[in-house]
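The structure follows.
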Amino acid sequence: MGQTTSTALITSRRDSNLSSQRSKSKFTVPIIPMQVEEQTEYVLVEAPDYISDLPDECLACIFQSLSSGDRKSCSLVCRRWLRIEGQSRHRLSLNAQSDLLPFVTSLFSRFDAVTKLALKCDRRSVSIGDEALVAISIRCRNLTRLKLRACREITDAGMAAFAKNCKALKKFSCGSCAFGAKGMNAMLDNCASLEDLSVKRLRGITDGATAEPIGPGLAAASLKTICLKELYNGQCFGPLIIGSKNLKTLKLFRCSGDWDKLLQVIADRVTGMVEIHLERLQVSDTGLVAISNCLNLEILHLVKTPECTDIGLVSIAERCRLLRKLHIDGWKAHRIGDDGLMAVAKYCLNLQELVLIGVNPTQISLELLASNCQNLERLALCGSDTVGDVEISCIAAKCVALKKLCIKSCPVSDHGLEALANGCPNLVKVKVKKCRAVTYECADLLRMKRGSLAVNLDSGEPEHQDASASDGGVQENVDEFHPVPNQMPLPSIAPSSTGRSTSFKSRFGLWSGKSFAACTFRGWSSGNSSSRG
């Protein structure tokens, strides 16, 4: 009897404990087993849920350090995480097809702190129109960055309404859009804090003498960077460029028309520019002489401008003595050579980076560059018929500060490369491509003699050489959010990653990319454009 009563009491207590544990929502873990009448039972005790005690701000900081995929996974854990993840997201990229409109309200109710937005549409699809853009602008009045890609249904009216709602915009980029000068002027008149403007293939700009001028607007006082690409009538942006007194960077890529006269006016009015890119542009020595008025110029890219000669480069060198980075793609026109490079060596003593493609320097100019430019750290010689063993030996003996050397399609042999074994004491990376007289045995020997030197030799099949700086870039992967239970399904979203993987890859693209010349521009520009030393 006594044993039966004791067993009943223990069983009753055990059932009571188990019942109370099931009624609680906190996490439980098994602990030391207890034996009662040869039966093993587990008593469950409470374990504290530390994550639930974290403040929302701490959880948001954790989310911001995660990758895009991990953030989306976290948003599916519970309603609290869904709310915090949405409220802490500042960058968002959306598939901007026409069916986005019904989801705008729900999307930006969840992502209500977005300041950087990208709207991208497939060129074969119908994009969002004015109604969706205006709805987004009402929900995102604190936007500081906007990127539009192939949003062809957006008109001047939609851009004007957007600009009135998002006056804090600092960076605007558009490509393959169909609005015109009125929409662009509305943006410039309302966004007084705009600092960075990039326009590519803007279809709505009228060609010819009837084209409406663009700018300057209120944004002219704050603009620091203007980039124009593939515009039929890019010169209609002349009033904007001329009126941007604080402009630091001007990039013109493949824009039709004669630019000499406009560059003369620009250089006369905007003298504080430090970076200028001219690619596949109709510009001659007249334009280069005008640019020489920018005495603070530090970075100059001349890519496939066959009308530019030594005369223009000499003018630049004589007056722009702060030049740090010089990229020249001579396009095998043989218009720029020793005379221009010797002027650079004589006057631009702060030169740190020199890229020569399709230019034929000789030992005379290279020796002077190596002797005078004691800060030269990065040198690329591509497609130069005159750069051989003697020239490389000269570089090895004279370029004391050189850290990175690239040679492509030059008549260099093992003898020239061997000179690097005892020269250029600060050299860390060498890349040799399509120099068929250089053998792998020589590269191995160079690695053996200088253990810390990274040597990359590629004598593969000929490939298309393109020095275009504007076509490069890391393509973005488009991810999709999975719909959250009990919520309206969401359209495709591709949030931008906050990590450094993209910039890291682009910075070292010079050494790993498929297109050697393009990666030379992309890698060095992204890695060093923001620094002076």
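The values are calculated or read from the model by the stated rules, or taken from the named source; none is laboratory data. From a predicted model like this one, the values you see are computed outputs, not experimental measurements. Cβ placement follows ideal geometry from the backbone for every residue including glycine, while neighbour counts extend to all protein chains displayed. Note: areas computed on protein heavy atoms with side chains; ligands, DNA, RNA excluded. Shrake-Rupley method; radii C 1.70, N 1.55, O 1.52, S 1.80 Å.
Among the numbered criteria (1) buried (at least 23 other Cβ atoms within 10 Å of the Cβ); (2) under 16 Å from K120 (Cα atoms); (3) aliphatic (A, V, I, L, M), which one does M184 miss?
M184 satisfies all of (1) buried (at least 23 other Cβ atoms within 10 Å of the Cβ); (2) under 16 Å from K120 (Cα atoms); (3) aliphatic (A, V, I, L, M) except (2).
For G217, which of the numbered conditions (1) surrounded by fewer than 19 Cβ atoms within 10 Å (Cβ to Cβ); (2) in contact with an Asp or Glu (Cβ under 6 Å, 6 or more places away or on another chain) fails to hold?
Status for G217: all satisfied but (1).
Still on this structure, I have one more. Could you check C140 against (1) at pLDDT 95 or above; (2) in contact with a strand residue (DSSP E or B) (Cβ under 7 Å, 6 or more places away or on another chain) and say which number it fails?
(1)
Might you let me know whether the range 270-287 holds any residue that is modelled with pLDDT under 95, more than 28 Å from G175 (Cα to Cα) and surrounded by fewer than 23 Cβ atoms within 10 Å (Cβ to Cβ)?
yes
Please go through the range 415-436 and give me each residue that is within 22 Å of Q352 (Cα to Cα) and open to solvent by 70 Å² or more (accessible area, probe 1.4 Å), ordered by number.
N422, P425, N426
If a residue has to be open to solvent by less than 40 Å² (accessible area, probe 1.4 Å) and farther than 18 Å from L313 by Cα to count, how many in the range 260-269 make the cut?
Number satisfying all stated conditions: 2.
Out of the helices (runs of 4 or more DSSP H) lying entirely within the range 1-90, which hold 2 or more residues that are surrounded by 12 or more Cβ atoms within 10 Å (Cβ to Cβ) and at pLDDT below 75?
In the range 1-90, 2-22 are the helices (runs of 4 or more DSSP H) which contain 2 or more residues that are surrounded by 12 or more Cβ atoms within 10 Å (Cβ to Cβ) and at pLDDT below 75.
Further question: For the range 66-84, give me each residue that is of a type outside the set (K, R), in contact with a Phe, Trp or Tyr (Cβ under 9 Å, 6 or more places away or on another chain) and under 19 Å from D112 (Cβ atoms).
Residues satisfying the conditions are C74, S75, W81, I84.
Moving on. Can you tell me which residue is farthest from the chain's Cα centre (by Cα) among those in the range 145-181 that are open to solvent by 40 Å² or more (accessible area, probe 1.4 Å) and under 12 Å from L117 (Cβ atoms)?
Among them, the one singled out is R149.
Being modelled with pLDDT under 95, touching a Gly at 6+ places or on another chain (Cβ under 7 Å) and open to solvent by 60 Å² or more (accessible area, probe 1.4 Å), is that true of even one residue in the range 460-470?
Yes, there is a match, as at least one residue in the range 460-470 is modelled with pLDDT under 95, touching a Gly at 6+ places or on another chain (Cβ under 7 Å) and open to solvent by 60 Å² or more (accessible area, probe 1.4 Å).
Which residue is surrounded by the fewest Cβ atoms within 10 Å (Cβ to Cβ), if the candidates are limited to the range 302-339 and must be more than 13 Å from V274 (Cβ to Cβ) and under 23 Å from the mean Cα position of the chain (by Cα)?
Selected residue: K304.
Of the residues S393, S371, S365, which is of a type in the set (S, T, Y) and in contact with a Lys or Arg (Cβ under 9 Å, 6 or more places away or on another chain)?
Criteria check complete, one pass: S371.
Inspect the range 392-401 for any residue being assigned to a loop (DSSP other than H, G, I, E, B) and in contact with an Asp or Glu (Cβ under 6 Å, 6 or more places away or on another chain) and give the result as yes or no.
The answer is yes; a qualifying residue exists.
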